[in-house]
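Here the structure comes first, spelled out in structure tokens, and everything after it is commentary.
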Amino acid sequence: MSRRDTDLPELPPGVDARVFAEPWQAEAFAMTVALHDKGLFSWSEWAQALSEKVKRPGAAADGHDYYEHWLAALESLLAIKGLAAKSDVDAMAEAWERAALATPHGKPILLENDPQPIR
């Protein structure tokens, strides 16, 4: 029996939904845990940052934007801690977007593919 690359494994019994809908969500989660493990912020600081984003007006009642808030909270906490300025994070995100657009379909997206490298 062959599987297509788009087929996903069945969830274990009793699990109704996947935790992460997209790979970037798992990566944001993992980065947060790794940065906490390195002692860059406490869980109470993290909970406060995430809570502030989730409680903002316009948040989806069904929670479909939860990981967007997660990422915004992480970026905010990095800026507050002086670890990464918002402008640096934005510049890197733009570089990855340009690299993605410049990468041929089916090829890995590499930051080196950015036609306008970050200075």
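The values are calculated or read from the model by the stated rules, or taken from the named source; none is laboratory data. Predicted model, so just to flag it, every value in this text is computed and none were measured. Virtual Cβ from ideal backbone geometry, glycine too; neighbours counted across all protein chains shown.
Observations, loosely collected:
- Test: GLU22 is at pLDDT 95 or above and at negative phi: no
- Selection status of TRP43, of a type outside the set (Ser, Thr, Tyr), surrounded by 12 or more Cβ atoms within 10 Å (Cβ to Cβ) and assigned by TED's automatic domain parsing to the domain that holds GLU27: no
- For beta carbons closer than 9 Å, sequence separation of 6+ or different chains, a first residue in segment 70-97 that is outside the structural domain of ALA49 (by TED's automatic domain parsing) and a second that is among the charged types (D, E, K, R) and assigned to a loop (DSSP other than H, G, I, E, B), the qualifying pairs are ALA91/ARG119; GLU94/ASP114; ALA95/ASP114; TRP96/ASP114; GLU97/ASP114.
- Some residue of segment 83-93 being more than 30 Å from PRO117 (Cα to Cα) and assigned to a loop (DSSP other than H, G, I, E, B): no
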